[in-house]
Amino acid sequence: QVQLVESGGGLVQPGGSLRLSCAASGSIFSMNGMGWYRQAPGKQRELVAGISSGGSSNYADFVKGRFTISRDNAKNTVDLQMNSLNVEDTAVYYCNADVRSRPDVGYRNYWGQGTQVTVSS
């Protein structure tokens with residue numbers, strides 16, 4: 001089994017910064033794409049940013065220039081640096097990853113439990 005554990009959420013004032021981290025553990029043979037999603041109350045879960053195993057990244061338009069995604073393949077971690085936060089960024093942020101547990105099986109998608117980010121004055 002594979003677990004994704006997020007950390008780094010909290011309360012921040014508008015204009016502030018937070019850094020989210022996600023660590024994958026368990027039965028991991030290799031990892032493919034990793035990413036961050038968010039879900040605000042009453043809204044659907046949406047992609048924030050994704051990063052391939054080779055380091056190529058993509059961002060939702062609403063975070064371009066403010067958020068940066070990075071990963072450490074040796075540690076099986078993915079981070080999200082969030083700058084210039086505004087109240088619209090308030091949501092539960094979820095880590096997501098495609099993991100292969102054994103060389104003879106395909107990739108399976110996993111979700112973390114989520115971490116709350118609240119932007120408020």
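The values are calculated or read from the model by the stated rules, or taken from the named source; none is laboratory data. No experiment lies behind these values; they were computed from the predicted model shown. Every residue, glycine as well, gets a Cβ built from its backbone with ideal geometry; the counts of neighbours run over all protein chains shown. Please note that ligands, DNA and RNA were not included when accessible areas were found on the heavy atoms of the full protein model with its side chains. Shrake-Rupley method; radii C 1.70, N 1.55, O 1.52, S 1.80 Å.
Count Lys and Arg as plus one, Asp and Glu as minus one, and take only other residues whose Cβ is under 12 Å from that of Ala97; the net charge is then +1. With θ taken as phi - 60° and the Karplus curve 6.51 cos²θ - 1.76 cosθ + 1.60 applied, the whole-hertz 3J(HN,Hα) list for segment 33-43 is x, 10, x, 10, 10, 9, 9, 8, x, x, 10 Hz, x standing for glycine and proline. Annotation: amide H of Gly16 within the under-5 Å range of Leu85, sequence separation 5 or more or interchain, hydrogens built in the peptide plane. Between the listed residues Pro103, Ser53, Thr115, the Cα displaced farthest toward the positive end of the dipole of the chain, a dipole computed from Cβ unit charges relative to the Cα centre, is found at Pro103. With the simple spin-label model, which puts each label point 7 Å out from Cα in the Cβ direction, the Arg45 to Ser17 separation comes to 2.9 nm. Once label points are set 7 Å from the Cα along Cα→Cβ at both Ser25 and Arg108, what is their separation, rounded to one decimal in nm? Output for this residue pair reads 1.8 nm. For segment 1-95, carbon and sulfur atoms together expose 48% of the accessible surface, with a 1.4 angstrom probe and every protein chain in place. Summary value for segment 1-115: 36 percent relative contact order, contacts being C-alpha pairs under 8 angstrom separated by 6+ residues.
At a probe radius of 1.4 angstrom, the accessible area of segment 53-101 per residue rounds to 47 square angstrom. Using the Cβ-Cβ distance between Gln1 and Thr68 with R0 set to 22 Å, the FRET efficiency from 1/(1 + (r/R0)^6) comes to roughly 0.15.
Across segment 1-36, the residues whose backbone nitrogen lies under 17 Å from the label position 7 Å along the beta-carbon direction of Asn83 are 13-20. Springs join every pair of Cα atoms under 10 Å in this Gaussian network model of the chain, and among Ala74, Ala23, Ala97 the largest mean-square fluctuation is at Ala74. Of Val78, Val63, Val105, which is the most mobile in a GNM of the chain whose springs link Cα atoms less than 10 angstrom apart? Ranking Val78, Val63, Val105 by mean-square fluctuation puts Val105 first.
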